[in-house]
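Shown next, in structure tokens, is the structure this report addresses.
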There are 2 protein chains.
Amino acid sequence: MTGSDPRSYGHFCMLAKALERVGDRWALLVVRDLMSGPKRFTDLMDRMAGITPKTLTRRLRDLEADGLVEADREAGRREVWYQLTPAGEDLQPALEELLLWGLRNVAEPPRPDEPVHPEHVLRALQLQLQREGVDAGSVRWAVHVPGTGNYTFTGDGGRWELRSEDGPETTADISIRATRSALARFLTAPPPRDPHTEDIEITGTASAIRTFFKAIDVFPPGSHIQRPLDA
Amino acid sequence: MTGSDPRSYGHFCMLAKALERVGDRWALLVVRDLMSGPKRFTDLMDRMAGITPKTLTRRLRDLEADGLVEADREAGRREVWYQLTPAGEDLQPALEELLLWGLRNVAEPPRPDEPVHPEHVLRALQLQLQREGVDAGSVRWAVHVPGTGNYTFTGDGGRWELRSEDGPETTADISIRATRSALARFLTAPPPRDPHTEDIEITGTASAIRTFFKAIDVFPPGSHIQRPLDA
DNA sequence: CTGGATCCATGATGATACTG
DNA sequence: CAGTATCATCATGGATCCAG
């Protein structure tokens with residue numbers, strides 16, 4: 001009412017001001033997908049199944065105007081690359097806490113028709129391992145998901161990292177190969193997990209595989225403590 | 001086809017699932033104001049200037065359905081008290097990170113007509129002191145703001161707390177008395193601050209007041225490191 | 001092909017007034 | 001005190017189309 005901008009809350013509260021910038025529908029999901037590096041318009045369209053081009057355009061323009069996103073439009077090049085500014089990257093702690101809240105409070109198994117991007121599942125695993133302080137020594141896990149690229153999961157003394165690998169497969173302690181949905185089902189199922197699941201292939205030394213299974217026992221959260229019995 | 005609920009993102013991503021529950025407009029501001037204790041409908045209306053009763057009702061019903069908020073409707077009593085469930089309280093880390101992001105990235109001084117609630121400003125100060133690890137020993141500051149109640153700010157070895165005081169004024173090292181907007185202007189102005197500002201009254205020993213001013217030098221963020229000099 | 005824009009439908013939100 | 005009712009507006013979704 002007071003503010004010239006109807007989308008403003010008009011409160012002198014930094015949470016309200018934060019939400020004025022990232023509170024719109026899809027906004028934080030755009031930031032999430034740009035967190036792993038610059039992307040093109042169609043890259044973002046692919047990852048965010050369900051968004052319309054109109055809405056994505058609007059979100060990118062808003063985020064750009066608020067200084068969270070930067071568009072690289074090089075002359076003579078077709079593609080437009082969107083990337084986060086420092087202010088955008090600075091949202092990482094908030095995104096992590098929101099993701100962990102979702103992990104703790106709305107953990108539902110994936111529905112059969114629900115699109116799954118490996119990066120989102122692996123990111124959840126990484127944050128949970130980090131949060132629980134799981135220390136599996138110095139390990140390196142390669143994850144291969146046909147159609148969405150390869151990921152490398154590394155742990156070193158309680159510190160975990162997730163990287164997307166564009167190049168050829170690198171050496172790793174274990175190698176996991178699965179479809180998108182199989183990976184999601186495997187990781188979201190409560191322990192104990194079956195090392196010989198049909199639809200997922202894990203290779204490596206028996207010792208490395210045991211280390212892997214022991215580490216991911218903390219995922220999903222609460223599963224190693226207790227399981228509520230319902231759907 | 002994909003989602004029976006049109007408000008669902010339809011992604012298997014815990015951040016998306018979190019945003020399905022707290023991503024609606026005003027939702028996180030409701031959670032914010034319930035974080036300091038149970039409130040009535042009109043309490044929330046007062047704090048969230050600009051929300052319409054229809055929208056507040058809708059948000060409370062949604063949050064209740066999602067298990068974040070609980071309504072106490074005692075028979076024979078007019079008032080309805082809303083409070084957070086454990087899942088709702090569990091949002092505190094996420095709210096704190098979002099607030100700190102706002103503090104770091106959109107720090108604007110309050111506009112003259114902008115309603116200010118002391119709790120929001122003091123909460124920002126608390127989080128910043130905590131985040132910066134400021135240790136002022138064991139201190140107790142009383143804040144009196146006519147019309148919005150009293151607050152007690154306590155610090156003990158790097159750990160800071162903010163409480164709303166319903167009862168009479170308790171003993172404290174210093175006592176701050178100001179209007180809403182004066183308090184906001186005082187705290188959001190970059191240091192060095194003037195201990196003898198006209199529109200704010202600070203009482204206590206000279207030593208205690210020095211401790212106070214030194215502690216709040218970290219607020220707002222970045223102000224104690226460097227100030228951009230333009231023009 | 002990428003990176004959008006346009007048209008239309010609908011649901012969410014805002015403004016204002018009123019009620020059990 | 002705690003909402004509901006009504007109307008207006010805006011953001012978003014769905015589908016299609018277009019320019020470089």
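The values are calculated or read from the model by the stated rules, or taken from the named source; none is laboratory data. Bear in mind the structure is a predicted one, so any value in this text is a computation, not a measurement. As a convention, Cβ positions derive from the backbone with ideal geometry for all residues, glycine included, and neighbour counts pool all protein chains shown.
Table for the structure above
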quantity	calculated
Filter result (within 11 Å of DNA strand C (Cβ to nearest atom), among the aliphatic types (A, V, I, L, M) and surrounded by fewer than 16 Cβ atoms within 10 Å (Cβ to Cβ)) within the stretch B:39-70	B:M45, B:A49
Cross-chain or 6+ apart pairs with Cβ under 8 Å, the stretch A:33-60 first and closer than 22 Å to A:L122 by Cα and within 14 Å of another protein chain (Cβ to nearest Cβ), then near DNA strand C (Cβ under 9 Å from one of its atoms) and basic (K, R)	A:D33/A:K39; A:R47/A:K39
Criterion violated by A:D113 - all others in (1) in a loop (DSSP other than H, G, I, E, B); (2) within 16 Å of DNA strand C (Cβ to nearest atom) satisfied	(2)
Matching residues, the stretch B:61-103, being of a type in the set (A, V, I, L, M, F, W, C), more than 8 Å from chain A (Cβ to nearest Cβ) and either closer than 18 Å to B:D43 by Cβ or in contact with an Asp or Glu (Cβ under 8 Å, 6 or more places away or on another chain) (or both)	B:L63, B:L68, B:V69, B:A71, B:V80, B:W81, B:L84
Residue match in the stretch A:27-36 (condition: surrounded by fewer than 16 Cβ atoms within 10 Å (Cβ to Cβ) and either among the small types (G, A, S) or under 22 Å from the mean Cα position of the chain (by Cα) (or both))	yes
Conditions (1) under 20 Å from B:A94 (Cβ atoms); (2) within 8 Å of another protein chain (Cβ to nearest Cβ); number of the one not met by A:V30	(2)
Number of positions in the stretch A:3-26 that are under 19 Å from the mean Cα position of the chain (by Cα), part of a loop (DSSP other than H, G, I, E, B) and more than 7 Å from every other protein chain (Cβ to nearest Cβ)	1
When residues of the stretch B:44-78 are limited to those that are touching a helix residue (DSSP H, G or I) at 6+ places or on another chain (Cβ under 8 Å) and among the acidic types (D, E), the one farthest from B:V116 (Cα to Cα)	B:D66
Test result for A:P110, out of contact with any Lys or Arg (no Cβ under 8 Å at 6 or more places or on another chain) and within 13 Å of chain B (Cβ to nearest Cβ)	no
Output for the stretch A:71-100, where each listed residue is assigned to a strand (DSSP E or B) and surrounded by fewer than 16 Cβ atoms within 10 Å (Cβ to Cβ)	A:A71, A:D72, A:Q83
Residue match in the stretch B:73-95 (condition: over 14 Å from B:D33 (Cβ atoms), more than 16 Å from DNA strand C (Cβ to nearest atom) and within 14 Å of the chain's Cα centre (by Cα))	yes
Residue among B:D43, B:D33, B:D62 that is near DNA strand D (Cβ under 10 Å from one of its atoms), in a helix (DSSP H, G or I) and at pLDDT 95 or above	B:D43
